[in-house]
4 protein chains.
Amino acid sequence: MIYFNCDYLEGAHPRILEAFEKTNGIQQPGYGEDEYSQKAIEAIKKHLKKDQRVKFIHGGTATNALVIATLLKPYEGVVSVDSGHINVHETGAVEATGHKVISLKGKDGKIQSRDLDQLFREHEESPTRIHEVRPAMVYLSQPTEYGTVYTGEELDEIRKICQYWDRPLFIDGARLAYLPRDNSLEKIAEVADIFYIGGTKCGFLLGEALVYNKIYEEDLSYMIKTMGCLMAKGRVLGIQFFEMFKDNLYFELGQKARQQTLELAEDIQEKGYTIEMPVDANLIFMRCPLEKYEELQQQFVFDVDRREKDDIIIRIAISWATSDDTILQLKKAL
Amino acid sequence: MIYFNCDYLEGAHPRILEAFEKTNGIQQPGYGEDEYSQKAIEAIKKHLKKDQRVKFIHGGTATNALVIATLLKPYEGVVSVDSGHINVHETGAVEATGHKVISLKGKDGKIQSRDLDQLFREHEESPTRIHEVRPAMVYLSQPTEYGTVYTGEELDEIRKICQYWDRPLFIDGARLAYLPRDNSLEKIAEVADIFYIGGTKCGFLLGEALVYNKIYEEDLSYMIKTMGCLMAKGRVLGIQFFEMFKDNLYFELGQKARQQTLELAEDIQEKGYTIEMPVDANLIFMRCPLEKYEELQQQFVFDVDRREKDDIIIRIAISWATSDDTILQLKKAL
Amino acid sequence: MIYFNCDYLEGAHPRILEAFEKTNGIQQPGYGEDEYSQKAIEAIKKHLKKDQRVKFIHGGTATNALVIATLLKPYEGVVSVDSGHINVHETGAVEATGHKVISLKGKDGKIQSRDLDQLFREHEESPTRIHEVRPAMVYLSQPTEYGTVYTGEELDEIRKICQYWDRPLFIDGARLAYLPRDNSLEKIAEVADIFYIGGTKCGFLLGEALVYNKIYEEDLSYMIKTMGCLMAKGRVLGIQFFEMFKDNLYFELGQKARQQTLELAEDIQEKGYTIEMPVDANLIFMRCPLEKYEELQQQFVFDVDRREKDDIIIRIAISWATSDDTILQLKKAL
Amino acid sequence: MIYFNCDYLEGAHPRILEAFEKTNGIQQPGYGEDEYSQKAIEAIKKHLKKDQRVKFIHGGTATNALVIATLLKPYEGVVSVDSGHINVHETGAVEATGHKVISLKGKDGKIQSRDLDQLFREHEESPTRIHEVRPAMVYLSQPTEYGTVYTGEELDEIRKICQYWDRPLFIDGARLAYLPRDNSLEKIAEVADIFYIGGTKCGFLLGEALVYNKIYEEDLSYMIKTMGCLMAKGRVLGIQFFEMFKDNLYFELGQKARQQTLELAEDIQEKGYTIEMPVDANLIFMRCPLEKYEELQQQFVFDVDRREKDDIIIRIAISWATSDDTILQLKKAL
């Protein structure tokens, strides 16, 4: 079987394992005070123009809950597109910290800035606003759950609205490596108050790098422990991020996968299949006749987005580890 | 500098890194459905006589919060000795899930079974009990925060009380490897309703194995995600636990460190120092004159338990990675 | 000014104040152990065929949060129609207890049973259900926020679905007095696992009577205190409910208001205005040309549901205290 | 039977019922926007020298949870004396909002300012403070659970410590009416950042008046709804507080009861009984031989603080409604 169902099927990039080996016997303090974490932070900071700080967390859902619980007051909620990860795939991790996820209907998995502005305005202008959850921060993922990408202009627009209404913008970059290189980490760092650089889906064993304005330093320092996110062996995350960011390995891996994805998408469309969402990162949502799907299932595993009468919409995920040969087999089968 | 301040100073046992290498390219499903996790579960189950289940979690604080939040109703609290990890070192991780930690004064870091029985009795017999938090489960760690160990009889006694009052018993085995081999995993599995086998402090990069009665299966399956504990690459934990439990490596590493600890403790006492707590695992709490401490600090790092007028009580932690040579240097310096 | 904007504009029915006077000096135990509360419970039980219990709570939002927090596990959510009170008007009171409100698109403010069944089915049949909040109980209000009423058949259908999927049904009866008498308390008691009889909006100073299956007794006994709902002077609620239920005063007041509402609605339609929602309790949602609205505002206060281009949709609320003369003035003005 | 077991045995002071009658038919807006609430706020403000705001809440436990949940961040805890109401008698209402109650050993039910200072200092100076709950606000009740009273100097001292460490001070005045008149509301308003004036135990049907620095206005406005504390008929609380504070009725009732208490305490001591706590408000903790207690039980009901070998310590509560004749009967029986 060949798996195209997600981007966390293999272990880690070999250089990460080598780095573990090389550093293994060296004694280091715990809780992120180790030298690798410090070096990883420096390496990441080279991509940042503002004075932002960095902490490493073990996984995405935990990071989402941590950030939202840290930034919101108990009567406040986080705004997300209806298809957002925190709204549908996290078993209430955000609500468990006491906060409502206020969902906005999206287009191609993206928040529409006009809807966002209207939501804030209606709340602030409502004479009965204290009877409603205050929409108090914005969550979006870049790329989105559908593999689509907010343009720089779209991000600027959302940023402007957030600033106007004085709401922080939080960007989930679980698949950040797969973004177009000219609309990537640097752009996100510019517009977001807090965001993370995904490791787990981009070639790490585990780990996300949370980057934030220094105003959140004190609160996050405590909250990371309160939320069960303070790793005793912080080095495990530091070593990986340093290895990936000391040169451009992180981006190289992502760009290769993105290129493969764009080419595969072109091929798919040439073969006459419909692609449901604009392809701009490492995911393809393809409409597949049921009969064809049954045939493909003999050889491949995909994630199923939804079933319709005669078709099934499948998600094809390419990753840092996908070989050209694997893609060739898929092309042939299609 | 030589570090004796904790048991998570190095990377992982070399066999773990080898196992990562060997399995790295193999595609596996996520979320603990990989074959390594399955094999690790089977290896652990060989030590269990009851029908218990196993899940892997990334760290100790998260596991404590997960278990307590899963087992308790909103008006219930967890009973812990006053020096218990959940009561003093977790930045309110348990309270953040809505539950009171009800602390009992301990002896040598251990819950006194008589106090436990009285606590339950007083609550149940109180006509105003609905005005108080219901003490509804028991948390203890074995070995304790002070490196002391509940005897088999003490565990049996606590178990009996828990059964009489129909309260689950949860055992935190973060340092389980360092227990005396005849009062170890098998005994804990016998008395606890839910417990975990510590990885992080026993030679892993990270990870704890949560073992539980099957009655908790459904709730834990959801809660592990709600609490941000469901790792996408579950293999990272499965590979480590399989490597440590497929033969007896886990216990061998722990026993070596325990032996070193017992011998060092004997040497310390022979040299005329006072040891504050019975030594039975991998921790020594030594009373050290301030002057001597200043001298030792030139060469060694210890954890400080507390300061008194002329003395300082330091904690010496031995681990799976501590070499005989290191210990020799400490002996000389003392 | 004449107020039609809600049903809690006056104090309480005079008989309630008389009852306070009569009992004022008599010493009674606190926390609902007083004799008036016991007598009120007996009076309410006469309307119940099943073995259900009763507790009195000070207000509706608190009751909603209390019930949902008591019945759900931390990873579970409550299903509500999108216009449900808990979903839009409670400032996240439910989410603050850790639970998601899962909203279903409604018709006339009512849950569609087919949608409910599908929601449960999709969750239970989903292979990735542990990544989603479990829809674990149903909340509806009868009458609804729009003053519409579920028919007996609709309630039976929802009940059947809840039983099939083994989910409790919780009914918010904040305006229960205003229901048609043949589809009222007795019917709700038959289909709901837990519900409440509204006092605040039906002529009380404050108070709601929570009626529940005895399986919830132990949990609610504690939770009522945990949630800040245990009144020291429980007599304040007991006296009111006894006075209203010792004979049929509660229903008489409601029926009078419902009759006034139905007649007013007929008159409104005869005058050529559009009514937006079927009128069956004590609320009328009337479409009003903007110009007319400005004129009415000189004399009357209404609640505004929403504004459209040329019209405004206003809510007219009739209550136990509305006089025929007041309604006559409104009729004239229309 | 004559009840001395608490101070909420009767209804309300007759003037309150009269005020309900007089205002009953008048239409008023809900949610505290009524004119009685506004007038009550003005009447209370006459006792305040600082620019403080007022909101009315239905009960004490709810007010405690509301204030603490509003002022604290998720990783912070509230400091209380070990016998504090929030620590022992509220079924985890504070923990249910996610916060630890950090208890300090008290003397006569009072926080010792030296201990408080040390607690803050140790936390702030600890290099591992992010592993501990941050002690971030102080809760005390005046009078205390034992009926003792902090002197003005003690309050000033605690205030100074709170200011030095920049922690808000929250005072629970559930029995404020019974304080010595020269160390009462005005003094509390001077030292506290937020406090409440108790109604329920001081002659109201229900209700507490929360007084707070205006910095908390926005947060409390929302939180009062989130926590289920926003009463639809806010007039019910406004009418009562206006009636009690428009002249000095509130204080007159309290002073009468305090005088009765002091005299009874003197009589008790003259008769040779031991009083366990300094008497300064409306509670007497009396040591009573078991035999005598059995005799008294034929005629009187007391609250039992604790049982010792041959004695029982009972709590005698005097209230605004206690008649001189009742006290005479108790004196005779003693």
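The values are calculated or read from the model by the stated rules, or taken from the named source; none is laboratory data. On a predicted model such as this, the values are computed, not experimentally measured, just so you know. FYI the Cβ positions are ideal-geometry reconstructions off the backbone, even for glycines, and counts take in every protein chain you see. Note: accessible area is taken over every heavy atom of the protein model, side chains too, but ligands, DNA and RNA are not part of it. Shrake-Rupley method; radii C 1.70, N 1.55, O 1.52, S 1.80 Å.
For A:T97, A:T226, what's the largest-to-smallest order of accessible area, 1.4 Å probe? If you can, show how the numbers build up before the last one.
Working: A:T97 45, A:T226 5 Å².
So the residues, ranked largest to smallest area, are A:T97, A:T226.
Straight-line reach from A:K46: which lysines fall under 17 Å, measuring Cα to Cα and dropping same-chain residues less than 8 apart?
Straight-distance partners of A:K46: A:K55, A:K187, A:K214, A:K246.
Place the label 7 angstrom along Cα→C-beta at A:Q329 and in each other copy, then list the distances from the first to the rest in nm, shortest first.
Distances to the matching label points in the other copies: 5.1, 8.2, 9.2 nm.
Take D:T151, C:T91 and sort them by solvent-accessible surface of the protein heavy atoms, 1.4 Å probe, largest at the top.
The ordering from most to least exposed comes out as D:T151, C:T91.
Return the sequence-ordered ³J(HN,Hα) values of region D:60-68 in whole Hz as given by the Karplus equation 6.51 cos²θ - 1.76 cosθ + 1.60 applied to θ = phi - 60°, using x for Gly and Pro.
Each residue of region D:60-68 in turn: x, 4, 4, 5, 4, 5, 4, 5, 5 Hz.
At 1.4 Å probe size, what's the solvent-accessible area of D:V88? Round to the nearest 10 Å².
D:V88 has an accessible surface of roughly 60 Å² with all protein chains in place.
Normalised by the number of residues in region C:121-237, what is the relative contact order in percent for Cα pairs under 8 Å and 6+ residues apart? The partial results should precede the final answer.
Numbers: 135 pairs, mean separation 21.9, N = 117.
Answer for region C:121-237 is 19 percent.
Take chain D, drop everything but the C-alpha atoms, weight them equally and run the Debye formula without solvent; then report log10 I(q)/I(0) at 0.09, 0.13, 0.14 Å⁻¹ to two decimals.
Results for chain D at q = 0.09, 0.13, 0.14 Å⁻¹ read -0.49, -1.00, -1.14.
Note down the magnitude of the dipole of region C:1-153 about its Cα centre, charges +1 on Lys and Arg C-beta and -1 on Asp and Glu C-beta and zero elsewhere, to the nearest 20 debye. Let's see the in-between values first.
Values: 18 positive and 22 negative charges, 74 e Å.
Using Cβ point charges on Lys, Arg, Asp and Glu, region C:1-153 gives about 360 debye.
Under 5 Å between amide H atoms, partner at least 5 residues away or on a different chain: which partners does D:E132 have, H built in plane at 1.01 Å?
Hits under the 5 Å cutoff: B:T91.
At 1.4 Å probe size, with the rest of the protein present, what percent of the exposed accessible area of chain A is carbon and sulfur atoms?
Values: 5590 of 12170 Å².
Within chain A, the accessible surface is 46 percent carbon and sulfur.
Under 8 Å for C-alpha pairs, at least 6 residues apart: give me the relative contact order for chain B, rounded to a whole percent.
Once normalised by length, the contact order is 25 percent.
Check C:D305: other-chain or 5+ apart residues with amide H under 5 Å from its amide H, H built from backbone geometry?
C:I313, C:I314, C:R315
Under the convention of a label 7 Å out along Cα→Cβ, give the distances in nm from B:D115 to the same position in every other copy, shortest first.
1.6, 5.5, 5.6
Alpha carbon centre of region B:200-252 versus region B:281-295: separation in Å?
Each part reduced to its Cα centre gives a spacing of 35 Å.
With both partners inside chain B, how many of the DSSP beta bridges are antiparallel, as a percent to the nearest 5?
60 percent
Please find, in a Gaussian network model of chain D (springs between Cα atoms separated by less than 10 Å), the residue of D:I284, D:I158, D:I275 whose mean-square fluctuation is greatest.
Most flexible of the set in this elastic network: D:I275.
Taking the full set of protein chains and a 1.4 angstrom probe, give the accessible area of A:K55 in square angstrom, rounded to the nearest 10.
Number for this one is 40 Å².
Add -39500 (n - 2.57) for each DSSP H run of 4 or more in chain B, then divide by its residues: what number comes out at 222 nm, to the nearest 500 deg cm²/dmol?
Computed mean residue ellipticity for chain B: -12000 deg cm²/dmol.
Which lysines, if any, have their Cα less than 19 Å from the Cα of C:K309, not counting same-chain residues under 8 positions apart?
Within the straight-line limit of under 19 Å, C:K309 reaches these lysines: C:K292.
Given a 1.4 angstrom probe, what's the average accessible area per residue across region C:1-147, in square angstrom?
With the other protein chains kept in place, region C:1-147 gives 37 Å² per residue.
So, for region B:212-329, what is the accessible surface per residue at a probe of 1.4 Å, expressed in square angstrom?
Value returned for region B:212-329: 41 Å² of accessible area per residue.
Let me check against my output: what whole-number percent is the relative contact order of region C:1-125, with C-alpha pairs under 8 Å and at least 6 apart?
15 percent
To the nearest 100 Å², how much accessible surface do chains A and B hide from each other in total, with a 1.4 Å probe? Don't skip to the end; give the middle numbers.
Details: alone 15380 and 15390 Å², together 27040 Å².
It comes to approximately 3700 Å² buried between A and B.
If you plug each phi of region B:271-288 into the Karplus form 6.51 cos²θ - 1.76 cosθ + 1.60 with θ = phi - 60°, what whole-Hz ³J(HN,Hα) values come out, in order, with x for Gly and Pro?
For region B:271-288, the Karplus-derived couplings read 6, x, 7, 9, 9, 7, 10, x, 9, 8, 9, 10, 10, 10, 9, 10, 7, 10 Hz, x marking Gly and Pro.
Just the number, please: percent antiparallel of the DSSP beta bridges in the protein assembly as shown, rounded to the nearest 5.
Antiparallel: roughly 60 percent of the beta bridges in the protein assembly as shown.
Can you tell which of A:G228, A:N183, A:Q240 lies farthest toward the positive end of the dipole of region A:174-268, using +1 and -1 charges on the Cβ of basic and acidic side chains (Lys, Arg; Asp, Glu)?
Toward the positive end, the furthest listed residue is A:G228.
Identify all aspartates and glutamates with a Cα-Cα distance to C:K160 below 14 Å; exclude those on the same chain that are fewer than 8 residues away in sequence.
Straight-distance partners of C:K160: C:D115, C:D117, C:E190, C:D193.
At A:P14, with labels set 7 Å past Cα in the Cβ direction, how many nm apart are the copies from this one, shortest first?
Copy-to-copy label distances for A:P14: 2.1, 9.4, 9.6 nm.
A:R134: accessible area at probe 1.4 Å, nearest 10 Å²?
Result for A:R134: roughly 50 Å² accessible.
Along region C:229-235, what does the Karplus equation 6.51 cos²θ - 1.76 cosθ + 1.60 (θ = phi - 60°) give for ³J(HN,Hα), rounded to whole Hz, x for Gly and Pro?
Here the 3J(HN,Hα) series is 10, 8, 6, 4, 8, x, 4 Hz.
Can you list the trypsin sites (Lys or Arg not before Pro) in region D:155-257 that are in a DSSP coil and have 16 or fewer other beta carbons within 10 angstrom?
Taking region D:155-257 and a limit of 16 other Cβ atoms within 10 Å, the loop trypsin sites (Lys or Arg not before Pro) found are D:R181, D:K246.
Accessible area drop of at least 40 Å² (1.4 Å probe, protein heavy atoms): which residues of region A:100-131 qualify, relative to the chain alone?
With the partner chains in place, region A:100-131 has these residues losing at least 40 Å²: A:K100, A:I130, A:H131.
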